[in-house]
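Q: The structure's right below; bear with me while I get my questions together.
Read the figures in this text as sums done on the coordinates, not as results from a lab. Owing to the predicted nature of the structure, the values given are computational and were not obtained by experimental measurement. Here the Cβ is made from the backbone with ideal geometry for all residues, glycine too, and neighbour counts use every protein chain on show.
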Number of protein chains: 2
Amino acid sequence: MTVDQYVNEARERLLEELFDFLRIPSVSTDPARNDDTRRAADFVAAALERAGLEATVHPTAKHPVVTAVGPRVPGAPTVLIYGHYDVQPADPIDLWTGDPFEPTIEDGVIVARGASDDKGQVYCHVKGVEALMAVDGALPVNLKFLIEGEEEIGSPHLPAFLEANREDLAADVVVISDGAMVAHGTPTITYGLKGLAYVSVRVSGAGRDLHSGAYGGGVPNVLNALAEMIASLHDGQGRVTVPGFYDDVLDLDDDERAQIAKAPFSEAEFRRDAGVRATPGEAGYTLLERLWARPTLDVNGVSGGFQGAGSKTVIAAHGMAKLSSRLVPNQDPHDIAEKLEAHLRAVAPAGIEVSVHVEALGHPAMTPLDSPPMRAAAEALRMVWERDPVFARSGGSIPVVADFQRILGADPVMVGLGLENDRIHSPNEKFDVVNYLNGVRVSAELLRSLARA
Amino acid sequence: MTVDQYVNEARERLLEELFDFLRIPSVSTDPARNDDTRRAADFVAAALERAGLEATVHPTAKHPVVTAVGPRVPGAPTVLIYGHYDVQPADPIDLWTGDPFEPTIEDGVIVARGASDDKGQVYCHVKGVEALMAVDGALPVNLKFLIEGEEEIGSPHLPAFLEANREDLAADVVVISDGAMVAHGTPTITYGLKGLAYVSVRVSGAGRDLHSGAYGGGVPNVLNALAEMIASLHDGQGRVTVPGFYDDVLDLDDDERAQIAKAPFSEAEFRRDAGVRATPGEAGYTLLERLWARPTLDVNGVSGGFQGAGSKTVIAAHGMAKLSSRLVPNQDPHDIAEKLEAHLRAVAPAGIEVSVHVEALGHPAMTPLDSPPMRAAAEALRMVWERDPVFARSGGSIPVVADFQRILGADPVMVGLGLENDRIHSPNEKFDVVNYLNGVRVSAELLRSLARA
């Protein structure tokens with residue numbers, strides 16, 4: 001029997017089991033659902049046990065982490081599969097066509113909260129392992145699972161859990177399926193994520209808000225100063241001018257640029273979606289190169305002085321800006337936050353006091369395109385979807401991916417099994433049945449190809 | 001009998017009458033006090049009648065305007081005296097040492113709401129006229145009074161009243177006593193006020209707030225753009241770079257610069273008061289020259305994007321700034337608002353939509369230092385205070401002063417009779433008895449000297 005045949009024969013049961021999983025309203029942000037998140041953790045552990053692994057439910061300060069380990073396979077690589085069993089709230093409920101926690105299938109589409117993000121994708125792997133066990137009687141790799149229950153609230157306890165279980169969780173490769181294919185029928189491997197350095201900047205000038213008539217022209221205006229400081233962050237070519245900002249940036253090589261140029265991407269669609277009339281950015285790079293592979297520095301918020309209707313002739317005592325940089329390999333978020341702070345202090349006009357508070361830091365992550373795990377993932381996707389996968393990077397940050405790399409030494413392989421239009425975090429979240437069943441196949445083939453890598 | 005003798009003999013009555021005026025709680029912003037503002041208007045009209053003028057109380061949509069006219073004096077100049085009978089609220093009441101509307105005298109200081117701003121100063125002129133009538137039996141000029149009841153709420157009906165009564169109110173000189181001497185015993189003439197052009201600027205980029213991971217590096221960031229636009233308003237020398245901004249600026253000549261250099265002004269005290277460590281501004285001018293006589297362009301407020309605690313990785317769809325320019329003669333507020341808007345549009349980065357809303361406009365005002373009314377005022381002050389007056393300009397804007405100049409053709413002569421430390425608008429407002437009595441003398445001598453000018 002082949003994996004394909006197994007999946008075809010078990011089709012109805014695979015759907016039924018996923019539906020049972022989807023019926024558990026494991027909303028991690030809602031304390032009233034704590035029993036449900038616990039129930040979802042137990043459900044995952046039981047499913048992993050049935051698939052032939054040894055599962056454990058680890059309590060944390062909030063929602064449990066489920067781990068599982070397969071039979072030891074000497075000489076084979078170790079693969080860790082990561083996912084999460086918690087889901088977003090279903091609000092606004094009245095925009096759903098049915099009960100968010102009573103899955104339905106219509107026109108080949110499963111509709112339920114968590115169908116794509118991430119219960120459906122987690123279950124692809126659980127059932128992929130089950131299929132391999134049934135078809136081959138054994139697993140080809142040393143397999144581990146790590147399925148958390150706090151992803152939708154920022155994974156607050158996961159880094160500490162990784163540190164504490166560093167040896168038990170150590171792996172060569174970590175497989176993450178918590179994303180999407182770039183288009184229907186187009187298998188996609190995400191091989192890079194940006195990091196993040198996010199700071200709040202406070203500028204102070206006068207001892208109190210001053211009357212602009214009595215003091216204008218004679219005192220530092222913090223809001224003019226803040227604008228000058230922000231304007232000084234970029235040159236006329238859209239390049240960041242913070243000294244040393246690009247020092248550690250891994251440049252795009254010709255191969256990767258060629259790869260990115262081939263990615264299915266429509267600038268017109270991007271403009272329509274974002275509602276923008278221009279796509280400005282760093283000179284010398286295409287739009288997609290900038291979105292995926294070049295570091296950015298954006299103002300996320302500003303405030304200061306009079307913000308109401310009408311006029312108030314005040315020179316404010318304080319101003320505030322939120323600034324964040326999306327980082328690429330091999331930039332270090334601590335280093336960039338420090339360089340940003342140093343630059344802001346250096347350019348602050350006379351009489352302006354600057355204080356910088358670091359709000360969030362996240363490392364970028366990347367797996368080299370030509371590495372064995374990448375080639376293995378490409379092979380598995382090609383086998384199941386019968387076409388070459390697209391290699392994509394993302395401008396977003398998933399700090400936990402860098403944590404896997406940093407703490408566990410595992411190369412991340414991000415294989416999104418859903419679609420961009422799955423309405424995750426929105427009403428009527430969905431997962432195509434073909435994506436689910438092919439996801440099971442991808443999981444099984446991926447473990448096989450990783451064993452050969 | 002001399003004016004001096006008259007004032008000395010009438011001292012107690014002059015104080016008693018002022019106290020009666022101060023007892024009327026004519027708080028213009030409080031509708032519950034509308035009967036009191038009406039009572040204060042009637043009080044002023046009656047006092048002007050007793051002084052020998054013909055007074056009229058004109059209703060407006062809110063508080064009445066009191067006008068009065070003296071006997072016709074052929075060949076003599078026409079002088080209009082402006083002031084206001086309304087007062088600020090007394091809040092916070094519990095910081096007053098007594099009842100704000102029950103005046104007291106202690107150590108030669110009258111304490112009551114309105115004592116200095118502006119009932120006390122209005123009454124100096126009423127009693128100055130009375131003294132002249134008593135001593136000389138006639139007035140030396142064609143005299144008019146205009147005492148309004150809405151100054152503390154922005155004089156909303158005054159410009160229309162001036163327009164409607166343009167001929168009746170026409171004057172060669174308008175005397176305004178609604179300010180302060182720069183120091184105790186230092187008579188002061190304010191000969192220039194700044195104007196104002198205040199706009200709100202709204203910048204729009206994306207169609208909605210965007211995720212900085214998914215869109216950063218590929219879309220216009222309105223807040224970065226707004227900062228660049230604001231930063232572009234000044235050069236490295238603190239000069240405003242808006243094209244044409246300085247075109248109509250009346251330059252300081254050597255005489256005036258010498259005059260300003262002699263004005264009693266302590267930069268150390270200014271820094272302490274404002275709580276600033278530096279006094280930056282336009283290169284080539286002293287601090288006081290900038291405060292008094294150079295136009296400025298200040299940000300009064302900014303807002304956009306995420307302004308809360310912590311971090312939110314958003315690229316905002318909109319941003320807002322409030323900008324205002326303090327204008328000097330002969331800048332025109334409409335013209336400057338237009339030039340500012342044109343500049344903002346010109347420097348807006350690609351993909352940024354700019355909308356500008358004019359919030360407030362006010363003309364600057366100035367009376368030449370070497371003009372006859374100025375010399376007359378200086379002479380009167382010298383006579384009463386026995387020292388040379390200080391000539392001061394102000395960075396503040398009193399739009400009605402420019403209206404007198406523009407609508408009535410009257411040269412403003414601003415003679416503040418109070419002191420900077422009179423606590424106007426604050427608890428325990430005061431007016432020194434010597435300022436009151438010398439104010440009566442100044443009023444009488446000023447009318448005499450204006451007759452000779």
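Q: When you have a sec, figure out the Kirkwood radius of the range A:48-135 from all distinct Cα pair distances and drop it here in Å to one decimal? Please report the intermediate quantities before stating the final value.
A: Values: mean 1/r = 0.0648 Å⁻¹.
Taking every pair of different Cα atoms in the range A:48-135, averaging 1/r and inverting gives 15.4 Å.
Q: Work out the FRET efficiency for residue B:272 and residue B:202 from their Cβ-Cβ distance, taking R0 = 22 Å, and round it to the nearest 0.05. Write down the numbers at each step before the final one.
A: Working: r = 37 Å, r/R0 = 1.70.
For residue B:272 and residue B:202, the calculated efficiency is 0.05.
Q: Sorted from largest down, give the three principal axis spans of the alpha carbons of chain A, whole angstrom values.
A: Projected onto the principal axes, the Cα atoms of chain A cover 86, 50, 45 Å.
Q: Can you sort B:355, A:200, B:325 from fewest to most other Cβ atoms within 10 Å of each residue's own Cβ?
A: On the way: B:355 13, A:200 20, B:325 27.
Final ranking by Cβ density, sparse to dense: B:355, A:200, B:325.
Q: Residues of the range A:19-61 with the amide nitrogen closer than 15 Å to a label point 7 Å from the Cα of residue A:105, along Cα-to-Cβ, please.
A: Only A:19-22 pass the distance filter.
Q: Counting only other chains, what is the mean number of Cβ atoms within 10 angstrom of the Cβ of each residue in peptide A:193-205? Intermediate values should be presented prior to the final figure.
A: Numbers: counts 1, 4, 0, 4, 0, 5, 1, 4, 0, 0, 0, 1, 6.
Average neighbour count from other chains, rounded to a whole number: 2.
Q: Taking the Cα centroid of the range A:194-222 and of the range B:37-51, what is the distance between the two, rounded to the nearest whole Å?
A: If you average the Cα positions of each part, the centres end up 48 Å apart.
Q: Rounded to the nearest 500, what is chain B's calculated 222 nm mean residue ellipticity when only DSSP H runs of at least 4 contribute -39500 (n - 2.57) each, over all residues? If you can, show how the numbers build up before the last one.
A: Working: 14 runs with 159 residues, N = 453.
Computed ellipticity for chain B at 222 nm equals -10500 deg cm²/dmol.
Q: Another one. Using Cα centres only, tell me the gap between the range B:225-264 and the range B:139-156 in whole Å.
A: 33 Å
Q: Follow-up. I need to check one value: relative contact order of chain B, counting alpha carbon pairs closer than 8 Å and at least 6 residues apart, in percent.
A: Values: 948 pairs, mean separation 117.1, N = 453.
Value for chain B: 26 percent.
Q: How would A:437, A:48 line up from fewest to most surrounding beta-carbon atoms within 10 angstrom?
A: Values: A:437 20, A:48 27.
Least crowded to most crowded, the residues run A:437, A:48.
Q: Compute the label-point distances linking residue A:345 to its equivalents in the other copies; points lie 7 Å from Cα along Cα→Cβ; give nm, one decimal, shortest first.
A: Inter-copy label distances (nm, one decimal, shortest first): 4.3.
Q: Sticking with this structure for a sec: Taking 0.36 nm per residue of sequence separation and subtracting the Cα-Cα distance, how much length would be gained by fully extending the chain between residue B:153 and residue B:255, in nm to one decimal?
A: Working: separation 102, 0.36 × 102 = 36.72 nm, distance 3.73 nm.
Extending this stretch completely gives an extra 33.0 nm.
Q: With a Förster radius of 45 Å, plug the Cβ-Cβ distance of residue A:375 and residue A:9 into 1/(1 + (r/R0)^6) and report the FRET value to the nearest 0.05. Don't skip to the end; give the middle numbers.
A: Numbers: r = 31 Å, r/R0 = 0.68.
Approximately 0.90, to the nearest 0.05.
Q: Along Cα→Cβ at 7 Å, what distances in nm separate the residue A:89 label point from those on the other copies, shortest first?
A: 3.8
Q: Which order do B:84, B:318 fall in if you start with the one that has the fewest other Cβ atoms within 10 Å? Can you show the working numbers first?
A: Values: B:84 29, B:318 18.
Lowest to highest Cβ neighbour count: B:318, B:84.
Q: Determine, for each peptide in B:409-416, A:242-249, A:89-96, the mean count of other beta carbons within 10 angstrom over its residues, then list the peptides with the highest first. Intermediate results must be reported in sequence, preceding the final value.
A: Numbers: B:409-416: 23.2, A:242-249: 15.5, A:89-96: 12.9.
Peptide ranking by packing, descending: B:409-416, A:242-249, A:89-96.
Q: Using a 7 Å offset from Cα along the direction of the beta-carbon, what are the separations from residue A:275 to the same position in each other copy, nm, ascending?
A: Relative to the other copies, residue A:275 has label-point distances of 3.9 nm.
Q: Please report how far the C-alpha centroid of the range A:5-26 lies from that of the range A:385-453, rounded to the nearest whole angstrom.
A: After rounding, the separation between the Cα centres reads 19 Å.
Q: Full-extension gain between residue A:262 and residue A:136, please, as 0.36 nm times their residue separation minus the C-alpha to C-alpha distance.
A: On the way: separation 126, 0.36 × 126 = 45.36 nm, distance 3.71 nm.
This chain segment gains 41.6 nm when fully extended.
Q: Further, regarding this structure: Taking residue B:262 as the anchor, which lysines have their alpha carbon closer than 24 Å to its alpha carbon, excluding any fewer than eight residues away along the same chain?
A: Hits, sequence-local ones excluded: B:194.
Q: Here is a follow-up. When all alpha-carbon pairs of the range B:237-380 are counted, what percent fall beyond 23 Å? Walk me through the numbers before you get to the answer.
A: Details: 5411 of 10296 pairs.
Value for the range B:237-380 (Cα pairs over 23 Å): 53 percent.
Q: While we're on this one: Against the globular-protein guess of 2.2 N^0.38 Å, express the Cα radius of gyration of the protein assembly as shown as a ratio, rounded to two decimals. List each step's numbers first, then the result.
A: Details: Rg = 38.0 Å, N = 906, 2.2 N^0.38 = 29.3 Å.
Normalised Cα radius of gyration, the protein assembly as shown: 1.30.
Q: While we're on this one: Rounded to the nearest 0.05, what FRET efficiency do residue A:165 and residue B:30 have when you use their Cβ-Cβ distance and R0 = 56 Å? Display every interim value, and only then the final one.
A: Numbers: r = 69 Å, r/R0 = 1.23.
With a Förster radius of 56 Å, E is 0.20.
Q: If you don't mind, there's one more thing I want to ask. Return the subset of A:144/B:312; B:62/B:322; A:119/A:144 for which the Cα-Cα distance in this structure is over 25 Å, preserving the input order.
A: Numbers: A:144/B:312 33 Å; B:62/B:322 30 Å; A:119/A:144 17 Å.
Violating the 25 Å Cα-Cα cut-off are A:144/B:312; B:62/B:322.
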